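The values are calculated or read from the model by the stated rules, or taken from the named source; none is laboratory data. If you're wondering where the values come from, they're calculated on a predicted model, not measured in any experiment. Neighbour counts run over all protein chains shown; Cβ positions are idealised from the backbone, glycine included.
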Amino acid sequence: MDQQDNKAQSSNQNQGAQQEADDEEIMIPITTLTKISNYVDRYFVRFYKVYTNESKQCLNQYAFQHTNKLCLIGLAPEHDIIANKKTITKVSYDKVYSGDMQKLVKGKKKKGGIKSTPDKTIGEIFCDDGSVYQVKGVIDGNIIELNDNLFTNPQWITEYPDSKGYLGIINIGKKAKLQNRNVLNKEQYQQVLSGVDIEVVKAQSKLEKQDEMEEEEDENDNQVDQD
């Protein structure tokens, strides 16, 4: 009996250790962004969403996916604010939530939050020339953090757009993949910036995905035949 109890206790300890490891894996050490200049390139995959308005201003945003499936969202370098080096006077998230985000998010796995969609306005950026820009959610998921450091340091958006100037963190789910969503990867985004029509890029991406699926099916069929 003692031997069985010891095995059960050891098994529970291993499961507990694995659970803690899983919990730690889903966290993004955001503070590291201020210390390592190439942190994003090392640990994130870059995706982009093309936005514009009636005035044909570039309002593109990014979603950088971490290996733990949490995503940073913010303004792309081509966004009108950054491209024109505008002076930001205020950042507001009142469009989506004006309370304490920590009260909506629970546990190390960051469950809860506020629903995000590509067309949902999650904030506004005010500039000294009187212009106001809406910030979109970029991707489907749950907003688990809004960067309230921008309240006192709004200039970070233009000075450090892909690090300290991020706007929020979105949890897309541990098994989700951004490349399967309506965003452009870095190569596709560069094609759009170079003048290739975005619909052409999307169509090409769809064909590539179909080819990948067919190749995967062929591999599975070959594996079955070998078995």
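Go over the candidates 28, 73, 36 one by one and state the one that is in the same structural domain as residue 131 (by TED's automatic domain parsing) and at pLDDT 55 or above. I'd like the intermediate steps shown before the answer.
On the way: 28 fails: at pLDDT 55 or above; 36 fails: at pLDDT 55 or above.
Going through 28, 73, 36 in turn, the sole match is 73.
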* Quickly run through the stretch 116-136 and pick out the residues that are under 17 Å from residue 59 (Cα atoms), of a type in the set (Gly, Ala, Ser) and modelled with pLDDT under 95. => 123
* Six or more apart or on different chains, Cβ under 7 Å: which pairs go from a residue in the stretch 141-156 that's free of Cβ contacts under 8 Å to residues at least 24 places away in the same chain to one that's assigned to a loop (DSSP other than H, G, I, E, B) and of a type in the set (Gly, Ala, Ser)? Could you list them? => 156/165
